[in-house]
Every structure is written in structure tokens, then in C-alpha cells.
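Have a look at the structure below before the remarks.
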Amino acid sequence: MASERLFALVGNPNTGKTTLFNGLTGLRQKVANYPGVTVEKKEGEGRDRYGHSFRVIDLPGAYSLKANSPDEQVTRDVLLGQRADTPRPDCVICVVDASNPERHLFLATQVMELGLPIIIVLNKIDEAAAHGIAVAAGKLEERLGVPVVPMQADERVGMEQLQVAMSREEWPVSKWEDIDEGEGAVKQRYRKINELLEGAVARSQTERLTPTDRWDQVLVHPVWGWVILLSILAGLFYTIFSVSGYPMDWIDGAFGWLGQQVKSSMAEGDLRGLITEGIIGGVGGVAIFLPQILMLFFFIGLMENTGYLARVSFMMDRLMSGVGLSGKAFIPVLSSYACAIPGIMATRTMESARDRLITILVAPITSCSARLPVYLMLIALMLPHGTSTQKALVMWGLYVLSILGVYFFAWIFNRTLKKTESMLTVLELPTYQRPSWREIGLQIYDRGKIFIRNAGTVILGLSIVLWALTTYPKAESENEGEALAYSAAGRMGKAIEPLIEPLGYDWKMGVGLVASFAAREVFVSTMSIIYIGEDVTEEGDTVRDKMAAETREDGKPAYNIRTCLSLLVFYVFAMQCLSTVAVTRRETNSWRWAIFQVVYLTGFAYLAAFATYQISGFFIS
């Protein structure tokens, strides 16, 4: 062959397209963004059965080439050769779910009308067989005039046949007759697809109840489905608190030992203070929560890998419609519970620009993993002698509060932003499957690597800056408390203390609040730096112990139940992540919406924390 061929993978979401892409390219792939837009571009290299190299582009999942969303627009533009950054493909590999060929051939027939060579992959033939569906690939190939390959991509069944089809010198032209896009064209296309499939699709006369169907009778039941979901979440939080204590103690002990080694080997001075209080104390204060974060991602990965997470989306679709959003909004919202950045980026799949904007505006309210270290620290301070069950219930309540916040503001924006034409929502429910421990392990590894990288870069840098702010300028007094108050951070905290005092916060908490606007978890490292440098308790006590021993002028604990509740509520709603602000600006192409997001969330967080502290005073002394 004269030059390296370019194949484009096209298909509806959840057809196994990404699995096929990985099977064709292996580790020889790269991910970037298409220039000018925020849609992800995945390319890879592979070799056919004759050893010839080829390139594959995994185009975004699409239901149609009508281009209702940014993802579908990119797919259409690439196939038409209208993107200067991406050449038009030599051949399209269109992935069709064999268990629902009528709907999935809708996109395939549109691709054939573009005049491009095409290979049809009938994927998930095992699932189709489980539903009593058999598709005659040979008949479809004869009627369409293009290669039709039955496959089970996750087990590489049919991969050799696909590579044979890809290795052809040239591909025949499709026999599919074009349909004029006008009034009634959708109906006409489905009618022609049904004619195409007549006699080529055999269905069992007796309807089979698959294991997936039997599971769904319980897991998506209007009553039992919610009982099971809430029980799973409660069990998740209980496990996080009860099991993760052991590795947390090991990490805490390791950082404590490291700090003692530095103290014993270095003379007292600013350099030793920077290393022990700024670097070791700041990074260690956040790293201690790594086991709980990894456990959270393990449970999320397990639910996603088995197919249960899609059922959660299905159940939540009913609730999303109550605030005027489509069910597709739930996927970005759900993703935001890991991190708001990929959650906001996931709104690209939404057809409605209005729904996309509303989802972007409310996504940061979700309790992302960056909030977890703050929650865990404050819950431990609020319930020093509480059981794992009590702490799990408080954590569960915070997540419920964030969900209510998402719905409340989505409801507000749905009634204030200009309405546009509503669109049909399609949600895919994949078949239940045994979890792939390898995939879950890789996901946990990736998330842990990101967390450690942030702790080693962002948190480390901010910890050094915060240590400097809490150390300089130096006071003449040797009293640790007076020296901290005299420092730049102390002066900043004192300056905003009148503003935050009605919320139950002192100036030290104010320093933590201001610092955490860079990233929420910085609050923990800030508190570590502030309290590690004070000799308020015996050497060897943890930062949490020192915070618990902190008292106000009247002798009462600084971190009492009212203050901790107020801080928790503030951190549920406050917009404290510069990276999220930047992504909002990029996705909306406007600083106006990014600034509005910061102002409305921070303002509401202040009012909610104020109400929490003041009203709780009537019930808690």
C-alpha cells in the first residue's frame, strides 16, 4: 500500500467502540483535544495481518450525524473532511450493537450516505444471543455490499476477520440508497432499516429473561432500587471510616517519623522549620487521607465496571426531569463526585446548550474527592468519640446536602435562563458483567497517582508559600501564638475575622479558608502548618489533636459542634478550585459565567454557613 491508511471508529455510546480501539492499537495511542474545541481526540497505531501499519481515530460516540452536540459536530466534520487538523479517513469502522441493530444502524446508514468506504462491526454478539437474537452477518453483507463482521470485542472474538476486512486493497461501494433529509426522513430511514433487516434477524419466539433482566427487576425497582442504592452508599461510607483507619495510622506514623529524623539531624532554624512544618507537615496532612480516597474510587469503579452505575443514572433520570434537565445531565454530575473538572468536560455530550450551561454551573456543588480530606478532618473534630456509624451518617448527610444543592440551583436556573427546544434523551443500560479487577486496579492507580502528584506539586508549593506566610515577618516575642498572629498569614486572618466571626470562625480558620480557594484540600495542609508550629500540646500529638485542644478566649473549644457544622456546610457549597474555574471558562468560552459561578456559590456558602451556626445556637450550647 502506498501510504499509511487512516480508519475512523464510529458508533453509538456504549457499543464497545473504545474496547475495539484498545484491541486494535494496544498501548500505541495518544489523547489530546481537537484544536479550537474541548472535544477529546484519541488516535492510535496498529498493524494489519500483513504487517502494514495503519492509524485509527476513535471518534466521539454519536447517535446521529445531525450534530446536536459538540461531540457529534466533531464526528460529522471529521467524516466530511471539514477539519484542517484531521484528514478525512480512508475507511470508517462503524460499531453496531448486535442486540439492537435497528437503532444502531441509523447512524451506520447515515455514514454510508457520505460516500466513505465502511466496515460494519456487529459487536456484542454474545449479549444478542443471550436475548435470543441472531443476526445473519452474511445476508447483511450481501444486501449492503460492504464487509459485516460479527464480533465480541472484549474477548477479541472476530478480531482476525476484522483485520482481514481492513487489509483489503480497496473496499466496495455501499448499495444503500440515500435518503433525502426532509420532512418525514426519520420515519423513512427506520422503515428502510427494517426492510434491510427482514429475514436477516432471527428472534426467539419465547421471550427470554436474561440474568440482566432479573437483576434489573430488583435493582431499578421504584422502591427496592432506592433502598438498595441508599444502603450501598451507607455501607460505602461506613467502610471508609472503619477500615481505612489502619493504613491512615501507618501513613501518619511514617510522616511523624520522618519529621523526627529531620529534627534530630538538623540544627534548629528556618530551614528545619520549612522542611518539618512546611513540607513534611503540609504534604503529610493531606497524604494521610489517601487510603480513604482510594477506597472511594474502588467502590465507584466496582459499580461502574459491573454496569450498576448506569442503573443509578437511569433511576436519577426521573429526578433530573423534575428540575427541567435531561437524564444526560446526570452523567456529568455523577462524574463530578470524583472531580468537577472531568464532570464539566463530560457536558460536551449534551445536545442542549442551555442544559449544558446549567449542568456546568451546578457541577461544582457535588462533593468531589478533594473535599473528602476536609470532611474527614472536621467530622473527626466534631465527633471525637463518635462511632464509625455516626461518622458515616454525617458523611452521608453531606453528600445528600450536596445533591439537594445541585437540584435546588438547577431548578432556579431552569426557571431563569431562556428556554430552548427540548430534545429526546437516550440512556444506554449495559449488560451486567463480572468486574474486571485489572480495570478497577488501573483506575485506582490512576486516581492515586493524580492525588499523589497534586500532593507532591500543588500542595507542596502551596505548603511552602503558606509556611513562609505563617513565619514571616518574625515577631520579637518568642511566644508561638503571638509570632503567628504577627506573621503575614496572621494579619490576613485578623483582617477578615470580623467578616467570618458570625460564622463561628476565628482568624486561624480564616487563613485556612483563604488558602483553600486555590484547592479545597489545602485547608488541611494549612491547618497542619499553623498547628504543627505551636507547642500547645505534647510533642508527638497529631494536628487533629492540636486542633481539638484549641480554645477560644472564653476557654471553650474552638472546634465545637456548631463551628464544625458551619465549616462543613461552607465547604459543601463554596467554589474553591482554581482549576475548575479555568475549565468552566474554557467550556463556556466566557469569563462571565466562570466569575458568576464563583460569586454565586461562595455567596450562598457564606449565607448557608451563617444560618447553620446561628440557628444551631438555639439547640446546641
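Could you list all residues from region 352-385 that are touching a helix residue (DSSP H, G or I) at 6+ places or on another chain (Cβ under 8 Å) and not in a helix (DSSP H, G or I)? Across region 352-385, the qualifying residues are Thr366, Ser367, Cys368, Leu383, Pro384. Considering region 478-535, there are no qualifying helices (runs of 4 or more DSSP H) wholly inside with 3 or more residues that are at pLDDT below 80, in contact with a strand residue (DSSP E or B) (Cβ under 7 Å, 6 or more places away or on another chain) and surrounded by fewer than 17 Cβ atoms within 10 Å (Cβ to Cβ). Return yes or no: is Met248 without any contact (Cβ under 8 Å) to a residue 60 or more places away in the chain and within 24 Å of the chain's Cα centre (by Cα)? For Met248, the condition - without any contact (Cβ under 8 Å) to a residue 60 or more places away in the chain and within 24 Å of the chain's Cα centre (by Cα) - is not met. Restricting Phe314, Phe298 to those that are within 30 Å of Val583 (Cα to Cα), of a type in the set (Phe, Trp, Tyr) and either surrounded by fewer than 17 Cβ atoms within 10 Å (Cβ to Cβ) or modelled with pLDDT of 80 or more (or both) reduces the list to Phe298. Of all the residues in region 5-27, those that are under 22 Å from Leu107 (Cα atoms) and part of a strand (DSSP E or B) number 6.
From the list Leu424, Leu442, Leu462, pick out the single residue that is under 21 Å from the mean Cα position of the chain (by Cα) and either at pLDDT below 75 or acidic (Asp, Glu) (or both).
Leu442
Evaluate the following for Ile450: is it in a helix (DSSP H, G or I) and either surrounded by fewer than 18 Cβ atoms within 10 Å (Cβ to Cβ) or modelled with pLDDT of 85 or more (or both)? The answer is yes for Ile450.
Against the numbered list (1) of a type in the set (Gly, Ala, Ser); (2) under 30 Å from Met303 (Cα atoms); (3) surrounded by fewer than 17 Cβ atoms within 10 Å (Cβ to Cβ), Gly253 comes up short only at (2). The one condition from (1) in contact with a helix residue (DSSP H, G or I) (Cβ under 6 Å, 6 or more places away or on another chain); (2) modelled with pLDDT of 90 or more that Cys91 does not meet is (1).
Quickly run through region 39-56 and pick out the residues that are touching a residue at least 40 places away in the same chain (Cβ under 8 Å), outside any loop (DSSP other than H, G, I, E, B) and closer than 22 Å to Glu160 by Cβ. Listed by number, the residues that qualify are Ser53, Phe54, Arg55, Val56. Within region 54-63, the presence of a residue that is farther than 24 Å from Met159 by Cα and not hydroxyl-bearing (Ser, Thr, Tyr) is excluded.
With the condition kept exactly as written, say whether any residue in region 154-175 is modelled with pLDDT of 90 or more, in a strand (DSSP E or B) and of a type in the set (A, V, I, L, M). Checked region 154-175: no residue is modelled with pLDDT of 90 or more, in a strand (DSSP E or B) and of a type in the set (A, V, I, L, M). Does Ala455 satisfy the criteria of being surrounded by 17 or more Cβ atoms within 10 Å (Cβ to Cβ), more than 21 Å from Ile280 (Cα to Cα) and at pLDDT below 80? Judged against the criteria, Ala455 is not a match. The test for being within 14 Å of Leu568 (Cα to Cα) and of a type in the set (A, V, I, L, M) holds for Ile365. Leu209 meets the conditions (1) at pLDDT 85 or above; (2) of a type in the set (A, V, I, L, M, F, W, C); (3) assigned to a loop (DSSP other than H, G, I, E, B) in every case but one. The failed one is (1).
The values are calculated or read from the model by the stated rules, or taken from the named source; none is laboratory data. Predicted, not measured: the structure shown is a model, and the values here were computed from it. Quick reminder, even Gly has a Cβ in these numbers, built from the backbone with ideal geometry, and neighbours come from all protein chains shown.
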